[in-house]
Amino acid sequence: MRRLPAFLKTLSVFFFLAIVVLPAASVSHSATYTAAGKAYPSVFNAVVQYRSVAYTGENVTVYVNGTYGFENYNLTVYFAGNNLTGFRPTNTYHNYSVNNPYFSFNITAPTTPQMVYMYVVLSATDGSGTVKFSSMYPLKVVSPMILHATVSNPSSVPVYNTHINFFIDGISVASRVVPYIAPHGKVVVSVTLALTVKLSSGEHTLTVSVNSAALMVNGAVSQYTSKFYYGTPPNYTWIYYIAAAVIAFMAFMAFAAGKKRTPGMPKWKRK
């Protein structure tokens, strides 16, 4: 058999690459077409955006943005947690759109602090089949931290536009304005600490102040300061158990050392 000339070999390799290899390699990067000639994106994905920490009973908006250009978008979200009492919606959310891949929905956090998990499933069609995206997302539910202050007016004249400021460790965390406090009256002010305020576990200093020296805050003139512990206080119960065991052991040793044996009668006296 005669060998092909070198230029024919090169030409055949070129045609092979041009006709077979190159189109096959570009399939994953090119759009999908239907018989009608409509182009679809080659990649289907979704971006889920939400605030990942919420207070118990608080409303949170979740945004699910899929890849534009597909059809028949189906969104299903499954929720799971230790105790979903007070949670809204139920344990499943579903929505559908013909050609809009952008979804948003509200959830209400449960009444018990815990981790709530959202399993997001978004699917669509591309003319030849179904494409799907799925992923798990956590929502941390915490108990709200509420600050209280009782502002009283001991004078016989009213006070207007009282500014009440809350500080933790010297940093301003909240403020309120009370339009009117009657003579010899009092007002209770409560604020929920914003989730953006990050507190480390341990002891902190709370300071509440007003802009009038004629007013009292929690029984103190114009400014009130107190200590509080954030988080789970350390448990020192084990120290008391160890101390009790040591005291009992020392008492036993003292008793044993103080107890003397009665000497026996000498043998010569027994005779």
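What the table below lists for this structure:
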{"item": "Single residue of the stretch 79-97 satisfying the filter (over 18 Å from the mean Cα position of the chain (by Cα) and aromatic (Phe, Trp, Tyr)) that is surrounded by the most Cβ atoms within 10 Å (Cβ to Cβ)", "result": "TYR93"}
{"item": "From the options SER175, SER155, residue that is in a strand (DSSP E or B), surrounded by 11 or more Cβ atoms within 10 Å (Cβ to Cβ) and hydroxyl-bearing (Ser, Thr, Tyr)", "result": "SER175"}
{"item": "Selection from the stretch 158-172 of residues that are assigned to a loop (DSSP other than H, G, I, E, B) and at positive phi", "result": "ASP169, GLY170"}
{"item": "Of all residues making up the stretch 98-123, the number that are under 20 Å from the mean Cα position of the chain (by Cα) and within 16 Å of ALA80 (Cβ to Cβ)", "result": "13"}
{"item": "Number of the exception - PHE133 against (1) of a type outside the set (Ser, Thr, Tyr); (2) loosely packed, with under 12 Cβ neighbours inside 10 Å; (3) in contact with a Gly (Cβ under 9 Å, 6 or more places away or on another chain); (4) at pLDDT 95 or above", "result": "(2)"}
{"item": "Per-region count, the stretch 196-223, residues within 29 Å of GLU58 (Cβ to Cβ) and either assigned to a strand (DSSP E or B) or in contact with a Phe, Trp or Tyr (Cβ under 7 Å, 6 or more places away or on another chain) (or both)", "result": "13"}
{"item": "Boolean, SER201 is closer than 17 Å to SER222 by Cα and surrounded by 11 or more Cβ atoms within 10 Å (Cβ to Cβ)", "result": "no"}
{"item": "Inter-residue pairs, beta-carbon under 8 Å, first in contact (Cβ under 8 Å) with a residue 12 or more places away in the chain and not assigned by TED's automatic domain parsing to the domain that holds ARG51 and in the stretch 190-205, second surrounded by 12 or more Cβ atoms within 10 Å (Cβ to Cβ) and polar (S, T, N, Q), 6+ apart", "result": "THR205/THR225"}
{"item": "All positions within the stretch 82-105 that are over 29 Å from GLY127 (Cβ atoms) and either outside any strand (DSSP E or B) or not assigned by TED's automatic domain parsing to the domain that holds THR125 (or both)", "result": "ASN82, ASN83, LEU84, THR85, GLY86, PHE87, PRO89, THR90, ASN91"}
{"item": "Any hit, the stretch 128-144, residues being assigned to a strand (DSSP E or B) and over 26 Å from TYR50 (Cα atoms)", "result": "yes"}
{"item": "Any chance VAL173 is in the same structural domain as VAL48 (by TED's automatic domain parsing) and of a type in the set (Val, Ile, Thr)", "result": "no"}
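A quick yes/no check of all residues on (1) closer than 30 Å to ALA54 by Cβ; (2) in the same structural domain as ALA54 (by TED's automatic domain parsing); (3) polar (S, T, N, Q); (4) exposed (fewer than 12 other Cβ atoms within 10 Å of the Cβ):
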{"site": "TYR160", "(1), (2), (3), (4)": "no, no, no, yes"}
{"site": "ASN165", "(1), (2), (3), (4)": "yes, no, yes, no"}
{"site": "PRO179", "(1), (2), (3), (4)": "no, no, no, yes"}
{"site": "VAL187", "(1), (2), (3), (4)": "yes, no, no, no"}
{"site": "THR207", "(1), (2), (3), (4)": "yes, no, yes, no"}
{"site": "ALA214", "(1), (2), (3), (4)": "no, no, no, no"}
{"site": "ASN218", "(1), (2), (3), (4)": "yes, no, yes, no"}
{"site": "VAL221", "(1), (2), (3), (4)": "no, no, no, no"}
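The values are calculated or read from the model by the stated rules, or taken from the named source; none is laboratory data. Bear in mind the structure is a predicted one, so any value in this text is a computation, not a measurement. We place every Cβ from the backbone using ideal geometry, glycine too, and count neighbours over all the protein chains shown.
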